[in-house]
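Here is the structure we will look at.
The values are calculated or read from the model by the stated rules, or taken from the named source; none is laboratory data. Please read these numbers as outputs of a predicted model, since none were measured by experiment. With ideal geometry, Cβ positions are generated from the backbone for all residues, glycine too; neighbour counts draw on all protein chains shown. With ligands, DNA and RNA removed, areas are computed over all heavy atoms of the protein, side chains included. Shrake-Rupley method; radii C 1.70, N 1.55, O 1.52, S 1.80 Å.
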Amino acid sequence: MITIIDYEMGNLRSVEKAFEKLGYTARVSSNPEDLASTDKIVLPGVGAFRDCINNLRAGGFVEPLLQHVESGRPLLGICVGMQMLFDQSEEFGCHQGLGLVPGRVMRFPSGMTEDGERLKVPHMGWNNLRILKPAPILQGTADGSFVYFVHSYYCAAQRQEDVAASCRYGEIEFCAAVWRDNLMATQFHPEKSQTVGLHIFDQFGKL
């Protein structure tokens, strides 16, 4: 059973449909008690870090989510779901995250350029991955594969060993995926990344 946390911030149905297409049993749940009986958790996220972390706390999900990770069962964060795993974010002030991955979430600087062309913030669209570690969800994903991003803020990991894949946007080489033991996450959206994204979900489902 894969449980996708419904805290009113995320592409819930598209993530659920992707797992169902692959043949996995997935459910969207707004009940934190469901986390105790699930095999795997997906923590999606769309919108501002502040709103996401506040909704997660208000929904009573933080403690059972941390207990799930402590038990050794797999957790997959997506986009802001990955950012919330970090210590804090500077989006709309300083806000504390879950503290599972040392580091902070920072905004892309304005005025970035590439080949003389000004880059827009948010970073939106397809970009290629530089795979740094053989994370379980990245097994079978070729270095240089293109995936889909939508974000204005990026994760700056304190420990390089937590970074499973990176991506370059202008002069910033940012963390595109993290992995440590049963904890894994992507800044990009696998549910929007076509064949590559489905393969990543399949690898998570097989854990």
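Only one of Q160, Q187 is in contact (Cβ under 8 Å) with a residue 60 or more places away in the chain, polar (S, T, N, Q) and under 27 Å from H95 (Cβ atoms). Can you tell me which?
Q187
Say whether the condition of being aliphatic (A, V, I, L, M), farther than 23 Å from R180 by Cβ and modelled with pLDDT of 95 or more is met by at least one residue in the range 64-81.
no
Those residues that are on the phi > 0 side of the Ramachandran plot and either of a type in the set (S, T, Y) or in contact with a strand residue (DSSP E or B) (Cβ under 8 Å, 6 or more places away or on another chain) (or both), I need them from the range 116-150; list them, please.
Selection gives G125, G144.
What are the pairs, 6+ residues apart or on separate chains, where a residue within the range 112-128 that is closer than 15 Å to Y154 by Cβ has its Cβ under 6 Å from a residue that is assigned to a strand (DSSP E or B)?
Matching pairs, first to second residue: P122/H151; H123/F149; H123/H151; H123/Y169; M124/V150; N127/F149; N127/C167.
Where in the range 1-94 are there helices (runs of 4 or more DSSP H), lying fully within it, with 1 or more residues that are buried (at least 16 other Cβ atoms within 10 Å of the Cβ) and among the polar types (S, T, N, Q)?
49-58, 80-83
Contact list please: Cβ distance under 9 Å, first residue in the range 26-39 and within 16 Å of Y7 (Cβ to Cβ), second residue of a type in the set (D, E) and open to solvent by less than 60 Å² (accessible area, probe 1.4 Å), pairs at least six apart or on different chains.
Close Cβ pairs (under 9 Å, with a partner that is of a type in the set (D, E) and open to solvent by less than 60 Å² (accessible area, probe 1.4 Å)) amount to R27/E16; R27/D34; V28/D6; V28/E16; S29/D6; S30/D6; N31/D6.
Does I78 count as more than 22 Å from P122 (Cα to Cα) and within 15 Å of the chain's Cα centre (by Cα)?
Here the answer is no, as I78 does not meet what is asked.
So which strands (runs of 3 or more DSSP E) stay within the range 100-207 end to end and still have 1 or more residues that are open to solvent by 50 Å² or more (accessible area, probe 1.4 Å) and under 20 Å from G10 (Cβ atoms)?
Output list reads 123-128, 146-151.
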